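Asks: Following this message is one structure expressed as structure tokens.
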Amino acid sequence: MKKILIIAGIHGDEVSAVLTAYEIKEWVEKNSLKNITIIPRANKIAYCLGLKENPEDKKNLNRTFPGKKDGTFSERLAFKIFNFAKNFDYVIDLHNYANGRTCLPFILTDLKKQFNKDFANKVGLSYAVRCLGNKGQLFIELSKKNIPSMIIEFGSSEKVERKYIEIVKKAVINFIQNKKNAKVNFIDYKKIKAPSAGKFISKVCLGKIVNKGDVLGLMNKNQIKADSSGIILGVLKDTKNCNKEETLFAVGNL
């Protein structure tokens, strides 16, 4: 029987991811599944303080794997988590979009590795993004060890979006039960960033299919246009205080 690890709360401010993990954990315990391990609050101190990072060293835990046995607090925690995760056949890392943004549920994994592509097909969310990731991310470092691993990104870190929680729960539970999920679209995505600081207003919603040249939003009343066709995977909420180079949209190329 395959051993599956589901982890959340690597970033302590991602409340919806933690809640989703707890709800999956409740289902797993109700069904007495011994091959499934859930870690809902990986970065417990950061979670209790409502912070992305542990205040002791202010390191991004998801840029710290595989960690160090005798390093800083986050490096030691990363070392402990990584060496535990290596014992599993599949690893799912739950995350939410941060910094005032929200997104459709999608898989983020290294699709150049066939075992990750097969894994994404089994989980079966609608979109899986081709991603080489960043050094120190859990799914990247585990993939180097030939362990199928992914991030599932969904919703916002700032509020609970029940519809996205339910989509992710269904996909993960179906995967655990080896049930057929939806067809996966393997895509690339591009981030559209703010050309200047100031007031931002979005003119599109999540899931909207856009064409090259379509107006996506306004930045200080100047139009932000799509430079290619695709689907809106992520968007920044309207704000008067957008920073220059802040990500406004994530557009998946269909």
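Rule-based calculations on the coordinates, nothing more; no lab input. Computed from a predicted structure; not experimentally measured. Every residue, glycine among them, receives a Cβ derived from its backbone with ideal geometry; neighbour counts consider all protein chains shown.
Asks: Restricting to DSSP loop positions (anything but H, G, I, E, B) with no more than 14 other Cβ atoms inside 10 Å of their own Cβ, which trypsin sites (Lys or Arg not before Pro) remain in region 28-107?
Replies: Listed in order of number, the matching sites are Lys34, Lys58, Lys68, Lys69, Lys86.
Asks: In the chain, what % of DSSP beta bridges are antiparallel (nearest 5)?
Replies: 55
Asks: For region 179-254, run through the trypsin sites (Lys or Arg not before Pro) and keep only the ones in DSSP coil with at most 16 other Cβ atoms within 10 Å of their Cβ.
Replies: Lys179, Lys180, Lys183, Lys203, Lys208, Lys212, Lys221, Lys237, Lys244
Asks: Name the residue, out of Leu125, Leu216, Leu104, whose mean-square fluctuation peaks in a Gaussian network model built on the chain with Cα pairs under 10 Å.
Replies: Looking only at Leu125, Leu216, Leu104, the biggest GNM fluctuation is shown by Leu216.
Asks: Under a Cβ-Cβ cut-off of 14 Å, what is the net charge of the residues other than Lys199 that fall near it, where Lys and Arg count +1 and Asp and Glu count -1?
Replies: +3
Asks: Please give the net charge around Ile24, taking every other residue with its beta carbon less than 12 angstrom from that of Ile24, where Lys and Arg add +1 and Asp and Glu add -1. Can you show the working numbers first?
Replies: Details: positive: Lys25, Lys30, Lys169, Lys170; negative: Glu23, Glu26, Glu29, Glu166.
It works out to a net charge of 0.
Asks: Along Cα→Cβ, 7 Å out, is where each label goes; now give me the distance between the ones at Lys169 and Leu33 in nm to one decimal.
Replies: It is 1.4 nm.
Asks: Excluding residues on the same chain fewer than 8 positions from Lys69, give the lysines whose Cα lies under 17 Å from its Cα.
Replies: Lys59, Lys80, Lys86
Asks: Return the single residue from Val28, Val15, Val172 with maximal mean-square fluctuation; model: Gaussian network over the chain, springs between Cα atoms under 10 Å.
Replies: Per the Cα network of the chain with a 10 Å cutoff, Val28 tops the list.
Asks: At a Förster radius of 41 Å, what calculated FRET efficiency corresponds to the Cβ-Cβ distance of Lys203 and Lys68, to the nearest 0.05?
Replies: 0.35
Asks: In region 135-183, which chymotrypsin sites (Phe, Trp or Tyr not before Pro) fall in coil by DSSP and have 11 or fewer other Cβ atoms within 10 Å?
Replies: Numbers: sites: Phe139, Phe154, Tyr164, Phe175; in loops: none.
Taking region 135-183 and a limit of 11 other Cβ atoms within 10 Å, no loop chymotrypsin sites (Phe, Trp or Tyr not before Pro) are found.
Asks: Between Ala182, Ala17, Ala78, where does the largest GNM mean-square fluctuation fall for the chain, given springs only between Cα atoms within less than 10 Å?
Replies: With Cα springs under 10 Å in the chain, the top fluctuation among Ala182, Ala17, Ala78 is at Ala182.
Asks: Just to confirm my numbers, what's the Cα centroid distance between region 13-31 and region 217-250 in Å?
Replies: Taking the Cα centre of region 217-250 as reference, the centre of region 13-31 is 32 Å away.
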